[in-house]
1. Just to be sure I understand the filter: pairs with C-beta atoms under 9 Å, separated by 6 or more residues or on different chains, first member in region 1-28 and at negative phi and surrounded by 15 or more Cβ atoms within 10 Å (Cβ to Cβ), second member basic (Lys, Arg) and at pLDDT 80 or above. Which pairs pass?
2. Of the conditions (1) of a type in the set (S, T, N, Q); (2) more than 8 Å from the chain's Cα centre (by Cα); (3) buried (at least 16 other Cβ atoms within 10 Å of the Cβ), THR34 clears all except one; give me its number.
3. Give all pairs with beta carbons closer than 9 Å in which a residue from region 33-57 that is under 18 Å from ILE10 (Cα atoms) meets a residue that is among the acidic types (Asp, Glu) and in a helix (DSSP H, G or I); count only pairs at least 6 apart in sequence or on separate chains.
4. Considering only residues of region 37-62 that are of a type in the set (A, V, I, L, M, F, W, C) and surrounded by fewer than 12 Cβ atoms within 10 Å (Cβ to Cβ), which is farthest from GLU18 (Cα to Cα)?
5. Looking at this structure, is GLY56 at positive phi and either modelled with pLDDT under 75 or in a loop (DSSP other than H, G, I, E, B) (or both)?
Amino acid sequence: MTDQNVRLNIEYSEEDEEFGLVYVASGVDIMLVTDGVTLDELFYNIDEAVTLHYDGDDLPEPPRISLNLDPSFWKGVQKLTPPNCD
């Protein structure tokens, strides 16, 4: 039986050669690594990567995704520009 809980570590990396600053998600229990320049892109890529990982498995429901936010994640969030509320 496939584990229905996918645990991911999320960190903010400043070492990507192509894009510079990126968010990185890596699997704890499954082999999975994906990234995104924005949080929206990261979460889209996580959904796509988890879907591909379980492709072909007969799961009764989609796996639950649990995120462990590394302290470096908050450095990235602090760099986000808040929306203009004028």
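1. Final answer for the pair search is VAL6/ARG64; GLY27/ARG7.
2. Of (1) of a type in the set (S, T, N, Q); (2) more than 8 Å from the chain's Cα centre (by Cα); (3) buried (at least 16 other Cβ atoms within 10 Å of the Cβ), only one is false for THR34: (2).
3. Close Cβ pairs (under 9 Å, with a partner that is among the acidic types (Asp, Glu) and in a helix (DSSP H, G or I)) amount to THR34/GLU48; ASP35/GLU41.
4. In this case the residue turns out to be LEU59.
5. Yes, satisfied.
The values are calculated or read from the model by the stated rules, or taken from the named source; none is laboratory data. The structure displayed is predicted, hence computed values, not measured ones. Cβ atoms come from the backbone with ideal geometry, glycine included; neighbour counts cover every protein chain shown.
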